[in-house]
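Participant: One structure, pasted below without further comment.
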Amino acid sequence: MRGIAILGSTGSIGRQALEVIALHPDRFFVTALTAHKNAALLFDQVRSFRPRLAALTGVSSPVPIPDDLSFCSFRFGPKALEEAAREAEGQDVLAAVVGVAGLKAVMAARAAGKRVLLANKETLVAGGEMVMNACPAGTLLPVDSEHSAIFQCLQGAGPNRYEQILLTASGGPFRTWEKEKIKSATVEQALGHPTWNMGAKITVDSASMFNKALEIIEAKWLFSARPEQIQVVVHPQSIVHSAVKFRDGAVIAQLGAPDMKVPILYAMSYPDRLPTGGKELDLFAVGQLTFERPDAEKFPALRMAYQALRQGGAACCVLNAANEEACFAFLAGKIPFGRIPEIVDAALQRHASLPARSLSDIDRADALSRECAKAMIQATGA
Ligand SMILES: NC(=O)c1ccc[n+]([C@@H]2O[C@H](COP(=O)([O-])OP(=O)(O)OC[C@H]3O[C@@H](n4cnc5c(N)ncnc54)[C@H](OP(=O)(O)O)[C@@H]3O)[C@@H](O)[C@H]2O)c1
C-alpha cells in the first residue's frame, strides 16, 4: 500500500488521480488533499477518501467544517500547501497544483524525504537546478504525458544514452490558423483543445504553445538534455506521446489514447503497470498518424524556451512568471491572445540575467517578471 498526498486534488489531474486510486484500493490510500478555494468539492473528496489532513490554500481564515469530517485536520492559507506536502503520512506527494505556487511544497516534500510525482511543470521550469539538486534518482517521477512517455521509452535503455528527444505537441486549436487571426482569438476558442481535456491555464498554454515551451524546459531538467537535443514534433492526433532516438537510429516511442490517467497511474505504481479503466488505443480507428515541423513564426513561445535555456540563471523562471500573469490576464479578458508572447518576450529582455541559486533568488526573479508583465497588462487595458 502506498500513501499518496494530492496537492491540487480538485483540479483536472487531482480528480483523475482520485479516480484511479478508487480503482485500486488495495494499492493506494490518500493521506492528504488540498484545494485552493473549492471547499465543496474538497469536502466531498475528504468524505470519500478519508485523508487525515486537508487544506484550503486560497482561504486565509478557517471556514466551517461539516460535522462528519471531524476525523480530518483542516489547514488554511498558502503555507498549508507546504504543510500538507511535509506532514502527510505515506511516501508519495502528487504535485498537481497549477503554477509556480507548487515550488515550495515540492521542496518541502523532498526535505521530508517524500517521493514527488510531478504534474506541476511550472515548479521545474522556475526552480529547475534547485529542484533537481533536491531530487536524487528515483525521487521525482514525471506525470506530464510527454515526459512520462520519454521516461517509459528510456526504461530498458541500459547504459545507452539517447541522442535526441522527440517531444510531441498536438499543435493546439490554432495549428492551422493564420498568424494574424491567432492574435485575436477569443477565450472560448483558446479553451477548445482538439484532443485533451485539461484545466484552463494549461489549455490556454497549449493554444499559445507556451505549454510546449514549458515542457522543453521540463525535459531539459528531467533528462539532462542539451537544448539542441530536444526537437518539438507537431502530431495532431496526440497518440504518440513522445519518443527518443538512439545513436543507431532506433526511435522508441510511447503510444496510447490521450488519457492522463495512464501517466498519473504509471507514476503512482512505477515500476508496475495497472489498469486505468480508460479507453484503449485502437490503431485501426485512428488510421493515420501525421507529423509536422512546428511553426516558429506563428508560435514564438518555442524560440523563447530555447533562448531562456541558453541564457540560464533565472531566465526560465522569468519566462514562466510572465506567462502565468499573461495567461490569467487573457482568461480574465484583460488582454488579447496575441499579447501573451509579447509580454513574455518583454519580461525576458528586461530580466535576462538574474541568478537562480536559491529559493529567494527565484522569488525575486518571479516577482520582477510579474511586475513587468502586470505593467504591460495594465498598459494594454488603458
Ligand atoms: N490537466 C492536464 O491534463 C495536465 C496534463 C499535464 C500536466 N498538467 C499540469 O498539472 C498541473 C495542474 O493542472 P490542472 O489542469 O489539473 O489544473 P486545474 O484543473 O486548474 O487544477 C489546479 C488545482 O490546483 C489548485 N490551485 C489553483 N491555484 C492554486 C494556488 N495558487 N495554490 C495552491 N493550489 C492552487 C486548484 O484548486 P481549486 O480547484 O480550489 O481552484 C486545483 O485543485 C499544471 O501544472 C499543469 O500544467 C496538467
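Every number in this text was worked out from the coordinates using simple rules, so none of it is lab data. Since we're looking at a predicted model, the values are computed, not measured. Positions of Cβ are generated from backbone atoms using ideal geometry, with glycine treated the same way; all protein chains shown enter the neighbour counts.
Participant: Please report T380, T176 as a ranked list, fewest other C-beta atoms within 10 angstrom at the top and most at the bottom.
Facilitator: In order of increasing Cβ crowding within 10 Å: T176, T380.
Participant: Give the cross-link partners of K279 among the aspartates and glutamates, using a straight C-alpha distance below 18 Å as the criterion and excluding same-chain residues fewer than 8 apart.
Facilitator: Correct list for K279: E19, D259.
Participant: Most mobile of E83, E324, E228 per a Gaussian network model of the chain (Cα springs, under 10 Å)?
Facilitator: Greatest mean-square fluctuation among the candidates belongs to E228.
Participant: Compare V97, V106, V251 in a GNM of the chain, Cα atoms joined below 10 Å, and give the one with the largest fluctuation.
Facilitator: Top of the fluctuation ranking is V251.
Participant: Filter the cross-link list K37/K201; K201/K334; K37/K79; K298/K374; K121/K201; K121/K212 down to pairs whose alpha-carbon distance in this structure exceeds 19 Å. Don't skip to the answer; put the middle values down first.
Facilitator: Details: K37/K201 16 Å; K201/K334 15 Å; K37/K79 14 Å; K298/K374 24 Å; K121/K201 12 Å; K121/K212 11 Å.
From the list (K37/K201; K201/K334; K37/K79; K298/K374; K121/K201; K121/K212), the Cα-Cα distance tops 19 Å for K298/K374.
Participant: Nothing charged except the Cβ atoms of Lys and Arg (+1) and of Asp and Glu (-1): what's the magnitude of the dipole of the chain about its Cα centre? Round to the nearest 20 debye. Numbers along the way, then the final one.
Facilitator: Working: 40 positive and 38 negative charges, 86 e Å.
Rounded to the nearest 20 debye, it is 420 debye.
Participant: Based only on other Cβ atoms within 10 Å, what is the fewest-to-most ordering of F49, F291? Don't skip to the end; give the middle numbers.
Facilitator: Details: F49 22, F291 12.
Ranking F49, F291 by Cβ neighbours within 10 Å, fewest first, gives F291, F49.
Participant: Using Cα pairs closer than 8 Å and at least 6 residues apart in sequence, work out the relative contact order for region 2-143, in percent.
Facilitator: Normalised by residue count, the contact order of region 2-143 is 22 percent.
Participant: Neighbouring Cβ atoms within 10 Å as the yardstick, rank C372, C327 fewest first.
Facilitator: Ranked by crowding around the Cβ, least crowded first: C372, C327.
Participant: How long is region 147-291 along each principal axis, judged by its Cα atoms, biggest number first, in Å?
Facilitator: 49, 38, 29
Participant: Rounded to the nearest 5, what is the percent of antiparallel bridges among the DSSP beta bridges in region 50-118?
Facilitator: If we restrict to bridges inside region 50-118, about 0 percent are antiparallel.
Participant: Quick one: among A190, A112, A85, which has the greatest mean-square fluctuation in a GNM of the chain with alpha-carbon springs under 10 angstrom?
Facilitator: Highest fluctuation of the listed residues: A112.
Participant: Still on this structure, please answer the following. Along the charge dipole of region 2-143, which of L18, V100, L42 sits closest to the positive end, that is, farthest toward it, with unit charges on the beta carbon of Lys, Arg, Asp and Glu (+1, +1, -1, -1)?
Facilitator: Comparing the listed Cα positions along the dipole, V100 ranks first.
Participant: Can you compute 3J(HN,Hα) from phi for each residue in region 157-169, using the Karplus curve 6.51 cos²θ - 1.76 cosθ + 1.60 with θ = phi - 60°, rounded to whole Hz and x for Gly and Pro?
Facilitator: 6, x, x, 6, 8, 6, 9, 8, 9, 9, 8, 7, 9
Participant: While we're on this one: Work out from phi, with θ = phi - 60° and the Karplus expression 6.51 cos²θ - 1.76 cosθ + 1.60, the ³J(HN,Hα) of each residue of region 88-103, listed in order in whole Hz, and give x for Gly and Pro.
Facilitator: 4, 6, x, 9, 10, 10, 8, 8, 10, 7, 9, x, 5, 3, x, 4
Participant: Distance between Cα centroids, region 260-288 to region 70-128: provide it in whole Å.
Facilitator: 25 Å
Participant: What FRET efficiency do you get for A22 and Q349 if R0 is 51 Å and r is their Cβ-Cβ distance, rounded to the nearest 0.05?
Facilitator: Efficiency, rounded to the nearest 0.05: 0.60.
Participant: How much FRET efficiency would the formula 1/(1 + (r/R0)^6) give for D68 and Y270, where r is the Cβ-Cβ distance and R0 is 41 Å, rounded to 0.05?
Facilitator: So the FRET efficiency works out to roughly 0.75.
Participant: Considering only DSSP beta bridges whose two residues both sit in the chain, what percent are antiparallel, to the nearest 5?
Facilitator: Close to 25 percent.
Participant: Give the relative contact order (percent, whole number) for region 312-382; include only Cα pairs under 8 Å separated by 6+ residues.
Facilitator: 46 percent
Participant: Using alpha-carbon pairs under 8 Å, 6+ residues apart, how would you state the relative contact order of the chain in percent?
Facilitator: 14 percent.
Participant: Using helices alone, what [θ] at 222 nm do you get for the chain, with -39,500 (n - 2.57) per DSSP H run of 4 or more residues, divided over all residues and rounded to the nearest 500?
Facilitator: -13500 deg cm²/dmol
Participant: Under the rule of at least 5 residues apart or a separate chain, name every residue whose amide H is placed under 5 Å from the amide H of L33.
Facilitator: Sorted by chain and number, the residues that satisfy this are I6, L53, A54, A55.
Participant: What are the semi-axes of the equivalent ellipsoid for region 312-382, taken as the square roots of 5 times the Cα gyration tensor eigenvalues, largest first, in whole Å?
Facilitator: 22, 10, 9
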